[in-house]
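A quick write-up on the structure given underneath.
The values are calculated or read from the model by the stated rules, or taken from the named source; none is laboratory data. Worth saying up front: this structure is predicted, and the values here are computed from it rather than measured. Every residue, glycine as well, gets a Cβ built from its backbone with ideal geometry; the counts of neighbours run over all protein chains shown. Remember, those area values only see protein heavy atoms, side chains included, never the ligands or the DNA or RNA. Shrake-Rupley method; radii C 1.70, N 1.55, O 1.52, S 1.80 Å.
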Amino acid sequence: MIPYGRHQLDEADRQAVLEVLNGDWITQGPTVSRFENAIAEQVGARFAVAFANGTGALHGACAAAGVGPGDLVATSALSFAASANCARYVGADVALVDIDANTLNVDLDLVPPCDALVAVHFAGRPLDLAGLKERPRVVIEDAAHALGAMTPDGPIGNCAHSDMAVFSFHPVKAITTGEGGMVTTNDADLSDRLRLFRSHGMVAKPEMAGWYYEIESEGFNYRLTDLQAALGLSQLQKLGDFIERRNYLADRYRELLADLPVRLPPVVAPGWLHAFHLFPVRVPDRHRVYDYMRDQGIGVQVHYVPVHFHPRFAKSAGANALNHTNHAYSELLSLPMFPGLTDEDQSRTCQVLEDALG
Ligand SMILES: *Cc1c(COP(=O)(O)O)cnc(C)c1O
């Protein structure tokens with residue numbers, strides 16, 4: 001089966017992990033700090049705080065920003081459920097917002113009055129947060145798809161129009177640490193709170209005694225390990241090549257699918273760079289096309305079952321006015337898109353899609 005997404009590891013990645021494994025420190029330690037610094041530098045943010053996964057990082061971002069009971073958190077109805085779950089983790093309510101039918105990103109003109117916005121860069125297509133007319137108290141970018149994406153204001157993750165940006169290093173994302181996540185921010189207080197939150201809210205008090213610490217705030221164990229951070233550091237060196245390959249494959253899909261009744265993702269304007277975490281197309285008779293392609297060994301996927309389809313979110317504010325999301329969901333199909341996808345496998349994917357439609 002050709003998967004829709006897949007990690008790309010090489011010998012240097014394996015060596016990097018082995019070096020940590022042969023050392024003294026395998027849980028969160030100096031390599032996590034190096035990875036945080038490298039991500040901060042990569043995206044042009046002052047601070048980066050590593051987490052065990054992207055979902056924990058979203059939880060940490062909501063908590064650090066003081067989002068809580070009584071707050072309303074708006075997010076896109078077309079996303080992985082983690083974008084909405086993070087609001088529930090801190091006791092806030094969720095408002096689901098419809099998408100722009102063209103870009104599949106949240107329609108910023110439809111964001112209701114709210115306390116926080118979790119803004120998703122769907123498929124790696126950077127959302128233009130400068131277009132947000134009324135800025136809520138808190139803006140968090142769910143940038144799980146968008147490491148490596150660029151805007152005219154710089155890389156996604158520099159928080160030019162947000163308080164924090166959240167990344168995931170799950171194996172289908174741009175770079176991987178197995179499981180892993182990161183929050184970037186330019187705010188020193190948020191950075192401090194994120195660090196406390198990911199490790200029990202624990203503060204060492206060496207002035208009391210060498211062993212002494214106190215729990216000062218709510219916290220969890222959301223730490224990344226040095227083993228994972230070593231993999232992340234090695235992977236990060238290849239991020240530029242990975243994004244270039246993804247854009248090459250996107251251009252080639254456009255050529256190969258030009259004559260088919262398939263709606264392609266629109267190209268981004270000059271000055272923007274799409275990270276192409278996914279290559280979502282819209283096809284007629286999607287259910288049948290999905291089954292046909294899977295039978296032929298093409299591991300297409302549907303991103304996503306919309307948030308309001310999940311019983312946990314069915315009664316969220318806005319759930320009954322999501323026409324563009326519902327329509328897109330009936331047609332969406334993610335074609336294979338990952339740096340190791342060969343031209344041959346991509347051509348075969350397109351041939352099978354043509355057969356499915358024909
Ligand atoms: C992958 C993903 C997450 C969660 O990341 P994990 O590292 O898997 O916890 C959050 N939001 C979106 C949009 C994602 O695609």
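By accessible area, using a 1.4 Å probe on protein heavy atoms only, the stretch 213-302 has 49% of its surface on carbon and sulfur. Across the stretch 251-260, coupling constants 3J(HN,Hα) worked out from phi with the 6.51/-1.76/1.60 Karplus curve, θ = phi - 60°, read 4, 5, 4, 4, 5, 5, 9, 4, 9, 9 Hz, and Gly and Pro carry x. Tilt of helix 30-43 relative to the longest C-alpha principal axis of the chain, in degrees (0 to 90, nearest 10)? Long axis of 30-43 versus the principal axis of the chain: about 50 degrees. What the Cβ-Cβ distance of A38 and D10 gives, at R0 = 22 Å and to the nearest 0.05, is a FRET efficiency of 0.80. The phi torsions of the stretch 231-236, fed into the Karplus equation with coefficients 6.51, -1.76 and 1.60 and a -60° offset, translate into couplings of 5, x, 4, 5, 5, 4 Hz, rounded to whole numbers, with Gly and Pro shown as x. A simple packing score, the average count of other Cβ atoms within 10 Å per residue, orders the peptides 333-345, 83-95 as 83-95, 333-345, with the highest score first. In a reduced charge model with +1 at each Lys and Arg Cβ and -1 at each Asp and Glu Cβ, the stretch 1-80 shows a dipole moment near 220 debye about its Cα centre. P(r) for the stretch 207-255, from all Cα pairs and a bin width of 10 Å, is 18, 21, 23, 18, 11, 6, 2 %, short bins first. In the chain, the DSSP-assigned H stretches of four residues or longer account for a calculated mean residue ellipticity at 222 nm of -10000 deg cm²/dmol, using -39500 (n - 2.57) per stretch and the full residue count as denominator. Averaged over its residues, the chain has an accessible area of 43 Å² per residue, based on protein heavy atoms and a 1.4 Å probe. Here the stretch 47-150 is treated as a sphere whose radius is the Kirkwood value from Cα pairs; by Stokes-Einstein at 4 °C and 1.567 mPa s it diffuses with a coefficient of 95 µm²/s. Placing pseudo-labels 7 Å out from each Cα toward the beta carbon at R312 and N221 gives an inter-label distance of 2.2 nm. Relative to its residue count, the chain spans a Cα convex hull of 134 Å³ per residue.
3J(HN,Hα) along the stretch 331-339, derived from phi through the Karplus expression 6.51 cos²θ - 1.76 cosθ + 1.60 where θ = phi - 60°, amounts to 10, 6, 8, 8, 7, x, 8, 6, x Hz, with x in place of Gly and Pro. When the Cα positions of S316, M337, V283 are compared along the charge dipole of the stretch 261-358, S316 comes out farthest toward the positive end, with charges on each C-beta of Lys, Arg, Asp and Glu. Solvent-accessible area assigned to carbon and sulfur over the stretch 1-119 amounts to 50 percent, based on a 1.4 Å probe. Amide hydrogen proximity for Q301: with H placed 1.01 Å from N in the peptide plane, the residues at 5 or more positions away or on another chain lying under 5 Å are S334.
In this structure, the amide hydrogen of S199, modeled 1.01 Å from its nitrogen in the peptide plane, lies closer than 5 angstrom to those of F220, Y222, counting only residues at least 5 positions away or on a different chain. Between Q351, A174, V32, whose Cα lies farthest towards the positive end of the dipole of the chain when Lys and Arg beta carbons carry +1 and Asp and Glu beta carbons carry -1, centred on the Cα centre? Highest projection toward the positive end goes to Q351.
Amide H to amide H, with H built 1.01 Å from N, A317 comes under 5 Å of V94, L96, counting only residues 5 or more places away or on other chains. Taking a spot 7 Å from the Cα of R348 along the direction of its beta carbon, which residues of the stretch 6-27 have an amide N less than 17 Å from it? 6, by backbone N distance to the label point. Applying 1/(1 + (r/R0)^6) with R0 = 41 Å to the Cβ-Cβ distance of N323 and Y248 gives a FRET efficiency near 0.75. Comparing the stretch 272-342 with the 2.2 N^0.38 Å rule of thumb, its C-alpha radius of gyration ratio is 1.30 (two decimals).
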